[in-house]
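The values are calculated or read from the model by the stated rules, or taken from the named source; none is laboratory data. Every value quoted in this text rests on a predicted model; they were computed, and no experiment measured them. Glycine also receives a Cβ, built like all others from the backbone with ideal geometry; neighbour counts cover every protein chain displayed. Quick note on the areas: whole protein, heavy atoms, side chains included, nothing else; ligands and nucleic acids left out. Shrake-Rupley method; radii C 1.70, N 1.55, O 1.52, S 1.80 Å.
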Amino acid sequence: MAYALTQALADPAAAAHHLLHDAPIYGVEQASGRSGPGGAAILDLTLRPLPALADDDYPVEHARVVILPTLEVHAFPKAGGQPFKHRSPYPLNDLCLQYPNDDAALRWIPEDGLEALVTLIHRHLMFEEAWRRTGTWPAEDAPHGQPGRGTHPVTTTDLRREARRWTR
């Protein structure tokens, strides 16, 4: 069962402890949690790269996750001075993790829980580093901005198959 965001809001330090000691996810090296303004939960994470990426000198990543009482989530890289391909516009400038109008099968939703959120953030940070090194996003790359109508098209066969597989 996923660790609910409502649990993280109620006790951010316990959520950080869960990520470090109980969560079945890879790469959480350090985690701390505290309550923030307006009842938000703030989690600071240190995420180590996958072993093959560590062998290629991918960096340990640092991120801050802010969970609002509305269950809206924002993730901020704590690295300074690096370019990022997928960031939301100013003023937040948080990581652009997904297109909110895409099919739910292609998005993280609060019911997926804290572990899936941290995995999404971790993967995103590794993809950003891959993009910085190669100039290519290592998965189907969602465009920014609003599509003319509906949602952005899914362009690869693999992602169309996964969308059908994970239909909610």
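Here are the numbers:
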quantity	calculated
Test result for residue 57, of a type in the set (D, E, K, R) and either on the phi > 0 side of the Ramachandran plot or in contact with a Cys (Cβ under 8 Å, 6 or more places away or on another chain) (or both)	yes
Enumeration of residues in region 143-159 that are in a loop (DSSP other than H, G, I, E, B) and at pLDDT 70 or above	154, 155, 156
Filter result (surrounded by fewer than 18 Cβ atoms within 10 Å (Cβ to Cβ), more than 24 Å from residue 32 (Cα to Cα) and in contact (Cβ under 8 Å) with a residue 12 or more places away in the chain) within region 91-126	98, 99, 101, 102, 103, 104, 105
Residues (in contact with a Lys or Arg (Cβ under 7 Å, 6 or more places away or on another chain) and at positive phi) located in region 75-97	93
Lone qualifier among 162, 128, 140 - being at pLDDT 85 or above and of a type outside the set (Ser, Thr, Tyr)	128
In region 68-84, the residues that are closer than 16 Å to residue 43 by Cα and open to solvent by less than 70 Å² (accessible area, probe 1.4 Å)	68, 71, 73, 74, 75, 76, 77, 79
Residue satisfying condition, being part of a loop (DSSP other than H, G, I, E, B), closer than 29 Å to residue 162 by Cβ, out of contact with any strand residue (DSSP E or B) (no Cβ under 9 Å at 6 or more places or on another chain) and of a type in the set (Val, Ile, Thr), within set 70, 119	70
Residue satisfying all of: in region 1-56; β-branched (Val, Ile, Thr) and out of contact with any strand residue (DSSP E or B) (no Cβ under 8 Å at 6 or more places or on another chain); nearest to residue 77 (Cα to Cα) among these	25
Scope region 1-44; condition within 13 Å of residue 69 (Cβ to Cβ) and assigned to a strand (DSSP E or B); matching residues	35, 41, 42
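A quick yes/no check of all residues on (1) crowded, with 17+ Cβ neighbours inside 10 Å; (2) under 20 Å from residue 80 (Cα atoms):
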| position | (1), (2) |
| --- | --- |
| 17 | no, no |
| 31 | yes, yes |
| 42 | yes, yes |
| 45 | yes, yes |
| 50 | no, no |
| 60 | no, yes |
| 66 | yes, yes |
